Amino acid sequence: MPTARNARGIDILIYSQDANRTHTVQVKTLSRRSPVPLGGKLEGLFGDFFIVCRNVALEMPECFVLTPPEVRALAHKGEKDGKTSYWLQPKQYETLQFRDKWDRIGRGSITTLPDNEPNA
């Protein structure tokens with residue numbers, strides 16, 4: 001259930017097929033390799049997952065799956081003209097720890113299938 005527009009807060013609500021498990025997701029999209037702007041306060045990061053998608057206009061975008069506490073721990077604090085801003089630098093999020101780690105979120109259903117078939 002994506003949100004309409006670039007609203008603050010949660011962008012996506014996901015839930016399992018049986019609706020027993022739900023997760024909230026914040027998504028940041030980038031057209032190239034660049035820092036992710038996080039705003040003036042890190043308290044605005046909430047939800048269960050924080051996903052950075054970059055190169056979104058290209059054929060093979062890259063995605064990185066983090067949690068808000070990980071983003072807060074990795075955030076870079078900048079100050080200019082008396083204003084504070086936070087950024088997530090590429091070298092902080094583009095690690096193998098986060099790249100395409102969709103398994104951190106889980107699956108929508110858990111079914112028992114033959115060993116040679118993935119879960120649905």
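Each reported figure results from applying straightforward, stated rules to the coordinates on display, with no laboratory input. What you are looking at is a predicted structure, and each value in this text was computed from that prediction instead of being measured. Cβ atoms come from the backbone with ideal geometry, glycine included; neighbour counts cover every protein chain shown.
What relative contact order, as a whole-number percentage, does segment 12-103 give when Cα pairs under 8 Å and 6 or more residues apart are counted?
Contact order relative to length: 26 percent.
Label-point separation (nm) for I14 and L42, each offset 7 Å from Cα along Cα-to-Cβ?
With each label point 7 Å from Cα toward Cβ, the separation is 2.4 nm.
Is the C-alpha gyration tensor of segment 12-103 telling us rounded, prolate or oblate? Criteria: a/c under 1.5 is rounded; beyond that, a/b larger than b/c is prolate, otherwise oblate.
Since a/c reaches 1.5 but b/c is at least a/b, the shape of segment 12-103 is classed as oblate.
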